[in-house]
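Visitor: The structure that follows is given in the form of structure tokens.
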Amino acid sequence: MPTTYKILGQSAPTPNTLTDVYTVPGATQAVVSTITICNQNDVNVSYSIAVSPNGASDSNTHYVVRGGAVPAADSIALTLGITLDAADVIRANSSNSNVSFNIFGSEIT
């Protein structure tokens, strides 16, 4: 089972819109090592990250972070070690534009 280390997903979602950032491909498993949130604004922003099994609809049980804060012109790195199966989805949103999410990890095929 080969393992590929890579950028799993990148997104700058529309504010207040929960957006798919990474979906695990079919016949693949993934391990998320780090998620970074970069606030490129001059004001503080809030953000949320949800992990949905098999692409399920949004549910309160899926949130890893809900209403976290990123200071103005700063970044936060979350080192989580999340394990995912095929079709699992990581979604993110923020309270303002110019906030980017980057997901790093590995895929196992």
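Read the figures in this text as sums done on the coordinates, not as results from a lab. Here the structure is a predicted model, which is why all the values come from computation and not from measurement.
Visitor: For the range 75-85, what does the Karplus curve 6.51 cos²θ - 1.76 cosθ + 1.60, with θ = phi - 60°, yield as ³J(HN,Hα) per residue in whole Hz, taken in order and with x for Gly and Pro?
Guide: Each residue of the range 75-85 in turn: 10, 10, 10, 10, 9, 10, x, 6, 9, 9, 10 Hz.
Visitor: Quote the convex hull volume per residue of the range 3-108, based on C-alpha atoms, as a whole number of Å³.
Guide: On the way: hull volume 8.5 nm³, N = 106.
Value for the range 3-108: 80 Å³ per residue.
Visitor: Contact order normalised by length for the chain, with contacts defined as Cα pairs under 8 Å and 6 or more residues apart; what percent is it?
Guide: Working: 300 pairs, mean separation 56.0, N = 109.
Here the relative contact order equals 51 percent.
Visitor: Next question, about the same structure. Which whole-Hz couplings ³J(HN,Hα) result when phi for each residue of the range 13-30 is put into the Karplus expression 6.51 cos²θ - 1.76 cosθ + 1.60, θ = phi - 60°, listed in order with x for Gly and Pro?
Guide: Calculated HN-Hα couplings, in order: x, 4, x, 6, 10, 5, 10, 5, 9, 8, 10, 5, x, x, 6, 9, 10, 9 Hz.
Visitor: Hey, what do the phi angles of the range 52-60 turn into as Karplus ³J(HN,Hα) couplings, whole Hz, using 6.51/-1.76/1.60 and θ = phi - 60°, x for Gly and Pro?
Guide: The phi angles translate into 10, x, 6, x, 4, 4, 3, 9, 4 Hz.
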